[in-house]
């Protein structure tokens, strides 16, 4: 008796130990955020040069002390966007007034070009760019201002700036950068500064922005560089066309006084048109957004960066359902058949999935499987079919998706007095209904799609039992292989935030080793428990892809893929009994110490003879 209780204590001890280890949420996709740009991205480059008594409420080209988009973006990813320059040593090198390839001088002193900013960064890193950082290269507006205000030649000015910007991108990529965000120049023609000059000036501003953006992305494509495009041109047009939807009351005037000619670098609460101007106006001065508009710009950037990662969840959740189904199929035979013949079995389970503490996704759904077995001696073989439908919510209020699958499969097993083994193969047809939601201020955009997929699964399980009489225990081994393919698709609601996704291939190979024990209390009740250590042997996709539909000339871009935990445990607690006159198996299985996630299944299996 003393010896037989040892496995029980061991199982409980291991389970408690694994549960006690804190699970870590999924790490952020980027090690740092590094910005190169002009006043649209500047997080305080000139602040040290301003009077000390006003630095706390001035220094950025917006409705100070509000954030600009780079600061909001860094806040979202848990990185930083502190300014670099004039004695500051952050990762935001952007400087108001900066041109792309030409250094200039302003009222507060030298203004480094984007090219100089990048050189300063690479000098500080020994010439190497962090391959896991997110970079931004946003410039060109000040080059266009030399055309509209200084009479510079449009063709040569735009050509030189585009060449310089593409060169910067190439320099960063050659140094090791992989993720480079390249926003378009916003539509200058819809800004208060250009509108105030009349229709012709506004039209000219729009045309200059269009010409620059087209030339830039054509040159990037010709060079073969891979960037993450942001269509701020279209986004600003959308906001100006329907300001109230985004929470703005005014898109023609400026939040800062004096109207149109204000300099937002020194704009602060004492110079607001109204106390709530940063929230009701789209523009701080003639061309710079308010902090609320910057917040929307950041939300837009996040949606483009996270959209591909959200859709990468679809085949992953299919693999979790596939493994849960394989476990139920492998476990539906309790042991060596008592007699030859034909039996039926049906399994109803609920899968409850959660990852990133719900910030990545969570949801649940019912799944059913029905099968027929034939037994002869120690051999059992049969066929099964299943159907399930689950609903999941993306984290951060980013939408939801429904997943349904229909499965056909076959099963074969050998069950001796102590040793047993079984194998299965199945094929599933998967359908999704996806609603990706993008929050932009007061607006919630919904982009929908209905891709299909398939899952080819193979499973092997084996075990050995020791013990006599009521108490049995022994090791268990299993491996489940899944090959999941998902069709690409284009989202509905064509706008600046709509995306298209390529086909996805997802492979999973999970090996499990553990221990199972059971105790027959009587002929009708046998509780049991199993604990396994699980390892995912397939590497997840290092990168996932999408294409911006509002920029049809751009190529697909890449962002870091999902990094789910590949080593964890699975604890099963259940009981075999009689229910409604049928053989029944009821229980719960859940992952243990899965970093950032939990997959739980509650199940009930019924079976009987024909």
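Within the range 541-564, take every residue that is outside any strand (DSSP E or B) and without any contact (Cβ under 8 Å) to a residue 60 or more places away in the chain and give me the one that is surrounded by the fewest Cβ atoms within 10 Å (Cβ to Cβ).
So, considering only residues that are outside any strand (DSSP E or B) and without any contact (Cβ under 8 Å) to a residue 60 or more places away in the chain, the one surrounded by the fewest Cβ atoms within 10 Å (Cβ to Cβ) is 552.
Residue by residue, here is whether (1) in a helix (DSSP H, G or I); (2) out of contact with any helix residue (DSSP H, G or I) (no Cβ under 8 Å at 6 or more places or on another chain) holds:
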residue: 96; (1), (2): no, no
residue: 101; (1), (2): no, no
residue: 105; (1), (2): no, yes
residue: 118; (1), (2): yes, no
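Can you find even one residue in the range 27-36 that is surrounded by fewer than 24 Cβ atoms within 10 Å (Cβ to Cβ), at pLDDT below 95 and farther than 18 Å from residue 266 by Cα?
For the range 27-36, residues surrounded by fewer than 24 Cβ atoms within 10 Å (Cβ to Cβ), at pLDDT below 95 and farther than 18 Å from residue 266 by Cα: present.
Out of 377, 388, 395, 371, which single residue is in the same structural domain as residue 417 (by TED's automatic domain parsing), touching a helix residue (DSSP H, G or I) at 6+ places or on another chain (Cβ under 8 Å) and within 17 Å of residue 411 (Cβ to Cβ)?
Being in the same structural domain as residue 417 (by TED's automatic domain parsing), touching a helix residue (DSSP H, G or I) at 6+ places or on another chain (Cβ under 8 Å) and within 17 Å of residue 411 (Cβ to Cβ) holds for just one of 377, 388, 395, 371, which is 371.
Yes/no per residue for (1) at negative phi; (2) out of contact with any strand residue (DSSP E or B) (no Cβ under 6 Å at 6 or more places or on another chain); (3) surrounded by fewer than 22 Cβ atoms within 10 Å (Cβ to Cβ):
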| position | (1), (2), (3) |
| --- | --- |
| 263 | yes, yes, yes |
| 270 | yes, yes, yes |
| 276 | yes, yes, yes |
| 282 | yes, yes, no |
| 326 | yes, no, no |
| 338 | yes, yes, yes |
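Here is a list of conditions, (1) touching a residue at least 24 places away in the same chain (Cβ under 8 Å); (2) out of contact with any helix residue (DSSP H, G or I) (no Cβ under 9 Å at 6 or more places or on another chain); (3) over 22 Å from residue 62 (Cβ atoms), and residue 213 meets all of them except one; can you say which number that is?
(2) is the only condition that residue 213 fails.
Given the conditions (1) in contact (Cβ under 8 Å) with a residue 12 or more places away in the chain; (2) in a helix (DSSP H, G or I), which single one is not true for residue 222?
(1)
Those residues that are touching a helix residue (DSSP H, G or I) at 6+ places or on another chain (Cβ under 8 Å) and either at pLDDT below 95 or outside the structural domain of residue 562 (by TED's automatic domain parsing) (or both), I need them from the range 356-368; list them, please.
360, 361 - these are the residues of the range 356-368 that are touching a helix residue (DSSP H, G or I) at 6+ places or on another chain (Cβ under 8 Å) and either at pLDDT below 95 or outside the structural domain of residue 562 (by TED's automatic domain parsing) (or both).
What is the number of the single condition among (1) touching a residue at least 60 places away in the same chain (Cβ under 8 Å); (2) part of a strand (DSSP E or B) that residue 375 does not meet?
(1)
Evaluate the following for residue 130: is it closer than 24 Å to residue 495 by Cα and surrounded by fewer than 23 Cβ atoms within 10 Å (Cβ to Cβ)?
No.
Determine, yes or no, whether residue 546 is out of contact with any strand residue (DSSP E or B) (no Cβ under 7 Å at 6 or more places or on another chain), closer than 19 Å to residue 394 by Cβ and in the same structural domain as residue 512 (by TED's automatic domain parsing).
Against the criterion (out of contact with any strand residue (DSSP E or B) (no Cβ under 7 Å at 6 or more places or on another chain), closer than 19 Å to residue 394 by Cβ and in the same structural domain as residue 512 (by TED's automatic domain parsing)), residue 546 does not qualify.
Please go through the range 208-247 and pick out each residue that is within 15 Å of residue 442 (Cβ to Cβ), in contact with a strand residue (DSSP E or B) (Cβ under 7 Å, 6 or more places away or on another chain) and buried (at least 16 other Cβ atoms within 10 Å of the Cβ).
246
Could you check the range 273-362 for helices (runs of 4 or more DSSP H) lying wholly inside it with 3 or more residues that are within 24 Å of the chain's Cα centre (by Cα)?
Qualifying helices (runs of 4 or more DSSP H): 291-311, 313-331.
Name every residue in the range 85-109 that is surrounded by 15 or more Cβ atoms within 10 Å (Cβ to Cβ), in contact with a strand residue (DSSP E or B) (Cβ under 6 Å, 6 or more places away or on another chain) and over 15 Å from residue 134 (Cα atoms), in order of residue number.
Of everything in the range 85-109, those that are surrounded by 15 or more Cβ atoms within 10 Å (Cβ to Cβ), in contact with a strand residue (DSSP E or B) (Cβ under 6 Å, 6 or more places away or on another chain) and over 15 Å from residue 134 (Cα atoms) turn out to be 95, 97, 98.
Which members of the range 571-585 meet the condition of being without any contact (Cβ under 8 Å) to a residue 60 or more places away in the chain and within 18 Å of residue 343 (Cβ to Cβ)?
Scanning the range 571-585 gives 577, 578, 579, 580, 581, 582, 584.
Of all residues in the range 399-415, which are under 30 Å from residue 302 (Cα atoms) and surrounded by 21 or more Cβ atoms within 10 Å (Cβ to Cβ)?
Of everything in the range 399-415, those that are under 30 Å from residue 302 (Cα atoms) and surrounded by 21 or more Cβ atoms within 10 Å (Cβ to Cβ) turn out to be 399, 401, 403.
Picking from 569, 511, 581, 608, which residue would you name as being surrounded by 18 or more Cβ atoms within 10 Å (Cβ to Cβ) and more than 30 Å from residue 224 (Cβ to Cβ)?
The unique qualifying residue is 569.
Whether any residue in the range 186-194 is modelled with pLDDT of 95 or more, touching a strand residue (DSSP E or B) at 6+ places or on another chain (Cβ under 6 Å), over 17 Å from residue 114 (Cα atoms) and surrounded by 17 or more Cβ atoms within 10 Å (Cβ to Cβ) is what I want to check.
Yes, some residue in the range 186-194 is modelled with pLDDT of 95 or more, touching a strand residue (DSSP E or B) at 6+ places or on another chain (Cβ under 6 Å), over 17 Å from residue 114 (Cα atoms) and surrounded by 17 or more Cβ atoms within 10 Å (Cβ to Cβ).
Considering only the range 510-528, how many residues are assigned to a strand (DSSP E or B) and over 30 Å from residue 401 (Cα atoms)?
12
When residues of the range 50-94 are filtered for being in a helix (DSSP H, G or I) and within 30 Å of residue 356 (Cα to Cα), how many remain?
Residues meeting the conditions: 9.
The values are calculated or read from the model by the stated rules, or taken from the named source; none is laboratory data. What you see is a predicted model; the values in this text were computed from it and never measured. Reconstructed Cβ throughout: ideal geometry from the backbone, glycine too, with neighbour counts over all protein chains shown.
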